[in-house]
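K.L.:
Handing you this structure, nothing more for now.
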Amino acid sequence: MGNRTVLKIGHPGLRVSCEPVSFPFDQDTQTAADELLETLKWFRAQQGFGRAMAAPQVGFGKRMIAVAMPAWPSLIINPVITWKSEETFTLWDDCMSFPFMLVRVRRSESISLTFQDQNGLEHKRSKLDCAASELFQHEIDHLNGVLATDLALDHASLLSRTEFEANPSIYRAQVDYCIGD
């Protein structure tokens, strides 16, 4: 399947506002869903990180997210955030479209979602924990053509992964939460 290309920051395909997915899947949507799932699997094997990937990251402008997390469907279709907590937190966000960089952003501490699975069945998840909350906010931003770089807190909120890894205690102290904590 495909060449396993993840679009990188600057590519216009990352700025599309994605269209809803219709059910049942047509052949193009099924092919894109399969490619998205395979590319997530490939990226995780190559880079050693990545819990989810949005369809525009592989050049497909539909509202779908591939997920590699226990207790979640492998495809999240047409997700909608139905509630956001007033409480927020900061974190160094990373992205498969710029794996060499981290961005300090502010996210809602918890969200609730509705979405469909690959079979079109509706699901609701309420008051997600920080880890799932920040992840789905990030991925849904992708579906709306928004990148974490658009949400940087200030001019000092862009950081190379190499610099972060060389001095993690300095940078961890600058945020409320770190992915993987």
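None of the figures in this text is laboratory data; all of them are computed from the coordinates on show. This is a predicted model, so every value here is computed, not measured. As a convention, Cβ positions derive from the backbone with ideal geometry for all residues, glycine included, and neighbour counts pool all protein chains shown.
K.L.:
Which whole-number percent is the relative contact order of the chain (Cα, under 8 Å, 6+ apart)?
P.N.:
In percent, rounded to a whole number, it is 23.
K.L.:
Kindly write out, for region 117-132 in residue order, the coupling ³J(HN,Hα) from the Karplus curve 6.51 cos²θ - 1.76 cosθ + 1.60 (θ = phi - 60°), rounded to whole Hz, with x marking Gly and Pro.
P.N.:
8, 4, 8, x, 6, 7, 10, 10, 10, 10, 6, 5, 6, 3, 4, 5
K.L.:
Moving to a separate point now. Show the residues, 5+ positions off or on another chain, whose built amide H is closer than 5 Å to the amide H of Lys62.
P.N.:
For Lys62, whose amide H was placed from the backbone, the distant partners under 5 Å are Glu19.
K.L.:
If exposed GluC sites (Glu not before Pro) are those in a DSSP loop with at most 13 other Cβ within 10 Å, what is the longest stretch of the chain that has none?
P.N.:
Counting at most 13 other Cβ atoms within 10 Å as exposed, the longest clean stretch of the chain is 88-181.
K.L.:
Apply 1/(1 + (r/R0)^6) to the Cβ-Cβ distance of His123 and Ser169, taking R0 = 41 Å, and write down the FRET efficiency to the nearest 0.05.
P.N.:
Calculated value: 0.60.
K.L.:
In whole angstrom, how long is each semi-axis of the equivalent ellipsoid of region 12-172, when you take the square root of 5 times every eigenvalue of its Cα gyration tensor and sort them from largest down?
P.N.:
Gyration-tensor ellipsoid for region 12-172: 26, 18, 14 Å.
K.L.:
Using label points projected 7 Å from each Cα along Cα→Cβ, tell me how many nm separate Thr31 and His155, to one decimal.
P.N.:
Calculated label separation equals 4.8 nm.
K.L.:
Using unit Cβ charges (K, R positive; D, E negative) and no other charged atoms, how large, in debye to the nearest 20, is the dipole of the chain about its Cα centre?
P.N.:
Dipole about the Cα centre, nearest 20: 120 debye.
K.L.:
A follow-up question, please. For the pair Thr114 and Ser22, what calculated FRET efficiency results from E = 1/(1 + (r/R0)^6), where r is the Cβ-Cβ distance and R0 = 22 Å, to the nearest 0.05?
P.N.:
For Ser22 and Thr114, the calculated efficiency is 0.85.
K.L.:
List the longest stretch of the chain that has no exposed loop site; here a site is one of the trypsin sites (Lys or Arg not before Pro) assigned by DSSP to anything other than H, G, I, E or B, with at most 16 other Cβ within 10 Å.
P.N.:
Longest gap between qualifying sites, sites excluded: 9-126.
K.L.:
Please rank Ser74, Ser157, fewest neighbouring Cβ atoms within 10 Å first, as an exposure proxy.
P.N.:
Ser74, Ser157
K.L.:
What residues qualify as long-range amide H neighbours of Thr88, i.e. H under 5 Å apart, gap of 5 or more or another chain, H built at 1.01 Å from N?
P.N.:
Glu109
K.L.:
Let me have the 222 nm mean residue ellipticity of the chain computed from DSSP H runs of 4+ only, each contributing -39500 (n - 2.57), with the sum over all residues rounded to the nearest 500.
P.N.:
-8000 deg cm²/dmol
K.L.:
To make sure I understand the rule: partners must be lysines, Cα under 21 Å from the Cα of Lys8, and not fewer than 8 residues away in the same chain. Which ones qualify?
P.N.:
Straight-line reach from Lys8, under 21 Å: Lys41, Lys62.
K.L.:
Which chymotrypsin sites (Phe, Trp or Tyr not before Pro) from region 65-104 combine a DSSP loop assignment with at most 12 other Cβ atoms within 10 Å?
P.N.:
Answer in residue order: Phe100.
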